[in-house]
Amino acid sequence: MSRERYPVVVASVSIAFLIIFTRLCGCQSPPGAFDGPRPPAPALASPAMGSREQAVSPVLRWHGSTGAAMYRLQVSANFAFSPIVVNDSALTSTFRQVGPLPESTTHYWRVNASNSSGTSGWSQVWSFTTVIPPTRPRILNVLFIGNSLTYTNDLPATVAGLAASDSGKINYHTVAEPGFALVDHLDGGSDAVDQIGRGGWDFVILQQGPSSLPESRDLLIEGTRKFYEYIRLVGARTALYMVWPDKSRYAFFEDVRVSYKLAADTVGGLFLPAGESWLTAWQADANLALYGSDNFHPSPLGTYLAALVIYERITGRDARDLPSQAVVNGLKLTVPEETVRLLQRAAHTTNERYTTNRSSLPGLNQHISDTRH
């Protein structure tokens, strides 16, 4: 036997052996097993090229190739197919479920076909991207320490309600006594210090009266410093909830702002410019009833606006994306949607001013003259 004919003889013997084995076992030969050309490359069917939001265990489908006995499927998160996450070469059907694959990830896939005559080239490479997982809201734990400007209309519950309406959650506890300054809490008038010591807080929000006078400003700053020493020990962040002067002292909004901003800056805390947001809202609509009947405590609408500011600052969410229904302490307010949207914009606009430092309220004098009519 010549050297050149040896491969032909071996191939013939191999094919003959396969035919005999198939007949002896009663098996049927797969289509194209012993004759015909090798199959063409398959055409991919679904999911379509570039599909997004696919399930993490998708079913990949392709069109059958004429004469194919087997298919090989490869899936990779890399266009070069290295590494390969699925490499199945024993497929006799034209579909295969894969996964679970990582969420929010682009995957590439291709298929070839084979029979006894050989293996086709690869199909086109298609891609799909798995579904983006739903946002898993972080649960914030917040301690409010203040006085009646905190507990009127239950500001903490209103802030938590905003979070719930935006698929989030805020656990809170309130320590608030009528007429209290921060020093009153520190001197044992409440269990505020003990509550801080429980730990687990993300924010401790401090509030006292308007503090526009020099002596009350000093008390605010000193009280903030002392509270900070307890707050930092439990890994929480100090925040200062700016309130507002009573209506008869309308011209002192800027003094209130300065006092609370200085107190926040003293301890590297978060400034919550709720009082300032009232001015922003009044610049858009001077008739908004943000004061309550005593011209000092907030109306439900005033509490809603303050809550928007606090919610946006501590969560990083955008108040403008909240529902168009205002809810305060679990009660729906009967105000037009356009008013709710105005307040949401006012809160956002005010908070944006504190992405950089600023020293005064824009247009304050003009605003005051406009609203004294």
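Could you list all residues from the range 39-76 that are part of a loop (DSSP other than H, G, I, E, B), under 34 Å from the mean Cα position of the chain (by Cα) and not hydrophobic (A, V, I, L, M, F, W, C)? If the condition is that a residue be part of a loop (DSSP other than H, G, I, E, B), under 34 Å from the mean Cα position of the chain (by Cα) and not hydrophobic (A, V, I, L, M, F, W, C), then Pro47, Gly50, Ser57, Pro58 are the ones that fit. Of all residues in the range 28-62, those that are of a type in the set (A, V, I, L, M), at pLDDT below 95 and in contact with a Gly (Cβ under 6 Å, 6 or more places away or on another chain) total 1. Of the residues screened, Ser104 is one that is on the phi > 0 side of the Ramachandran plot and at pLDDT below 95.
Looking across the range 157-169 at every residue that is under 15 Å from Phe203 (Cβ atoms) and not hydrophobic (A, V, I, L, M, F, W, C), the one that is modelled with the lowest pLDDT is identified as Gly168. Only a single item in (1) crowded, with 20+ Cβ neighbours inside 10 Å; (2) within 18 Å of Ser148 (Cβ to Cβ) is not met by Asp294, and it is number (1). Pairs are defined by a Cβ separation below 8 Å, a sequence spacing of at least 6 or placement on different chains, a first member in the range 242-253 that is farther than 18 Å from Gly179 by Cβ and small (Gly, Ala, Ser), and a second member that is in a helix (DSSP H, G or I) and modelled with pLDDT under 95; the pairs so defined are Ala251/Ile368.
The residue that is surrounded by the fewest Cβ atoms within 10 Å (Cβ to Cβ), among those in the range 270-291 that are in a loop (DSSP other than H, G, I, E, B) and in contact (Cβ under 8 Å) with a residue 60 or more places away in the chain, is Ala286.
Filter the range 130-156 for residues that are more than 15 Å from Val243 (Cβ to Cβ) and in contact with a Gly (Cβ under 7 Å, 6 or more places away or on another chain); which is modelled with the highest pLDDT? Per the criteria, the residue is Asn141. Against the list (1) of a type in the set (Gly, Ala, Ser); (2) under 30 Å from Arg249 (Cβ atoms); (3) at pLDDT 50 or above; (4) exposed (fewer than 14 other Cβ atoms within 10 Å of the Cβ), the condition Gly330 fails is (2).
Residue check: Glu312 meets all listed conditions (1) surrounded by fewer than 24 Cβ atoms within 10 Å (Cβ to Cβ); (2) under 24 Å from Arg232 (Cα atoms); (3) among the acidic types (Asp, Glu) but one, namely (1).
For the range 77-85, the criterion of being outside any loop (DSSP other than H, G, I, E, B) and touching a residue at least 12 places away in the same chain (Cβ under 8 Å) is satisfied by no residue at all. Among the residues making up the range 299-309, a single one is surrounded by fewer than 24 Cβ atoms within 10 Å (Cβ to Cβ) and either in contact with a Phe, Trp or Tyr (Cβ under 8 Å, 6 or more places away or on another chain) or free of Cβ contacts under 8 Å to residues at least 12 places away in the same chain (or both): Ser299. Each residue in the range 320-340 was checked for being farther than 17 Å from Ile170 by Cα, in contact (Cβ under 8 Å) with a residue 12 or more places away in the chain and in a strand (DSSP E or B), and 1 pass. Looking at the range 238-255, which of the residues that are out of contact with any Lys or Arg (no Cβ under 9 Å at 6 or more places or on another chain) and not in a loop (DSSP other than H, G, I, E, B) is farthest from Thr349 (Cα to Cα)? The residue in question is Ser248.
Residues are listed down the side, and each one gets a yes or a no for (1) modelled with pLDDT of 95 or more; (2) touching a helix residue (DSSP H, G or I) at 6+ places or on another chain (Cβ under 6 Å):
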position: Asn171; (1), (2): yes, no
position: Asp191; (1), (2): yes, no
position: Gly199; (1), (2): no, no
position: Arg217; (1), (2): yes, yes
position: Thr224; (1), (2): yes, yes
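The values are calculated or read from the model by the stated rules, or taken from the named source; none is laboratory data. Predicted model, so just to flag it, every value in this text is computed and none were measured. Note: ideal-geometry Cβ built from the backbone for every residue, glycine included; neighbour counts use all protein chains shown.
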